[in-house]
1. Considering only region 94-102, I want to know if a residue exists there that is surrounded by fewer than 17 Cβ atoms within 10 Å (Cβ to Cβ), in contact (Cβ under 8 Å) with a residue 24 or more places away in the chain, closer than 26 Å to K4 by Cβ and in contact with a Pro (Cβ under 7 Å, 6 or more places away or on another chain).
2. Determine if region 28-49 includes at least one residue that is over 14 Å from the mean Cα position of the chain (by Cα), buried (at least 21 other Cβ atoms within 10 Å of the Cβ), of a type outside the set (A, V, I, L, M) and within 23 Å of F97 (Cβ to Cβ).
3. So is I58 under 12 Å from G32 (Cβ atoms), surrounded by fewer than 13 Cβ atoms within 10 Å (Cβ to Cβ), out of contact with any Asp or Glu (no Cβ under 8 Å at 6 or more places or on another chain) and of a type in the set (V, I, T) or not?
4. Specify the residue that is nearest to T76 (Cα to Cα); the eligible residues are those in region 1-30 that are touching a helix residue (DSSP H, G or I) at 6+ places or on another chain (Cβ under 8 Å) and β-branched (V, I, T).
Amino acid sequence: MPRKLVSSGSPLEPEIGFSRAVRIGPLVSVSGTAPIKDDGKTASVGDLYGQTLHCLEIVKAAIEDAGASLDDVIRTRVMLTDISAWREAARAHGDYFRNTRPACTFFEVSRFIDESWLVEVEADAVIE
């Protein structure tokens with residue numbers, strides 16, 4: 001099956017050697033997506049809800065660039081630096097997936113590459 005690589009334009013992609021998303025056949029996997037604005041700065045510094053929305057916007061664009069839609073998402077993973085604030089990230093997740101309701105896991109990590117990031121989001125989709 002052909003492999004389609006999707007880029008978000010992040011300068012970290014070639015440095016690290018990853019793609020924002022990869023599609024093989026009907027499967028689309030979106031990498032851990034941080035709240036990075038086009039200018040390379042962190043979106044919504046200190047605002048978990050705003051950062052999660054920004055991550056989900058990037059995820060949505062990657063999924064669409066791969067030929068899928070949010071309705072095709074079957075699993076998401078939300079990584080937080082402070083699990084006690086999970087409801088703010090969950091509220092943003094619900095804004096995008098209230099009707100689709102993919103399998104979802106929230107978990108805490110010690111930190112991300114940039115200490116201003118409070119969240120990263122991954123997603124998997126299957127195109128029918």
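What follows draws every value from the coordinates through simple rules; no lab data is involved. Remember, predicted model here, so these are calculated numbers, not experimental data. Virtual Cβ from ideal backbone geometry, glycine too; neighbours counted across all protein chains shown.
1. Scanning region 94-102, I find no residue that is surrounded by fewer than 17 Cβ atoms within 10 Å (Cβ to Cβ), in contact (Cβ under 8 Å) with a residue 24 or more places away in the chain, closer than 26 Å to K4 by Cβ and in contact with a Pro (Cβ under 7 Å, 6 or more places away or on another chain), so the answer is no.
2. The answer is no, given that none of the residues of region 28-49 is over 14 Å from the mean Cα position of the chain (by Cα), buried (at least 21 other Cβ atoms within 10 Å of the Cβ), of a type outside the set (A, V, I, L, M) and within 23 Å of F97 (Cβ to Cβ).
3. Details: under 12 Å from G32 (Cβ atoms): yes; surrounded by fewer than 13 Cβ atoms within 10 Å (Cβ to Cβ): no; out of contact with any Asp or Glu (no Cβ under 8 Å at 6 or more places or on another chain): yes; of a type in the set (V, I, T): yes.
Here the answer is no, as I58 does not meet what is asked.
4. For region 1-30, the residue satisfying everything is V30.
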